[in-house]
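The block underneath contains the structure these notes are about, expressed in structure tokens.
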Amino acid sequence: MPVKQSPTTLTLQSGVNPKREPFVQLVANGEIVCQMRPAEARAFARTLLEAAEATEQDAFIYDWVINHVGAGEAQATGLIVDFRRYRAERSGKSQGPTRPEDWVMPNPEAGEPA
């Protein structure tokens with residue numbers, strides 16, 4: 001199911017509440033999305049870094065299967081789905097959708113907004 005893409009500006013802000021407790025807040029387009037304690041913010045940052053690493057692995061394998069192995073996009077997609085499931089089983093983490101129909105990226109060449 002396609003997700004409607006809209007320009008979003010994400011920022012992080014640090015703060016201290018009236019009880020003198022530190023917090024970090026995630027802000028999207030000027031609206032506070034959530035507030036986290038420092039430990040929660042660090043865990044979120046680790047998850048973000050892990051997802052960035054996972055997506056680079058996925059892109060590398062997808063490209064390798066098509067350009068080195070010579071398989072088609074359907075085979076590469078199936079392999080990525082299997083790879084993500086196996087990675088989730090081994091690590092206990094899931095850094096991406098396992099259903100190809102959930103992979104949503106705008107295509108600037110087709111006139112879709114980034």
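The values are calculated or read from the model by the stated rules, or taken from the named source; none is laboratory data. For clarity, every value in this text was computed on a predicted model and none was experimentally measured. Please note: Cβ atoms are built from the backbone with ideal geometry, for glycine as well, and neighbour counts cover all protein chains shown.
Select from the stretch 63-106 the residues that are modelled with pLDDT of 60 or more and β-branched (Val, Ile, Thr) and write down the one among them that is farthest from residue 43 (Cα to Cα).
69
Please tell me if residue 14 is of a type in the set (S, T, N, Q), at pLDDT below 90 and loosely packed, with under 11 Cβ neighbours inside 10 Å.
no
I'd like the residue in the stretch 32-62 that is among the polar types (S, T, N, Q) and either modelled with pLDDT under 95 or not in a strand (DSSP E or B) (or both) and, out of all such residues, is surrounded by the most Cβ atoms within 10 Å (Cβ to Cβ).
Taking the candidates together, the pick is 57.
With respect to the numbered conditions (1) surrounded by 13 or more Cβ atoms within 10 Å (Cβ to Cβ); (2) within 20 Å of the chain's Cα centre (by Cα), which one is the sole condition not fulfilled by residue 28?
Status for residue 28: all satisfied but (1).
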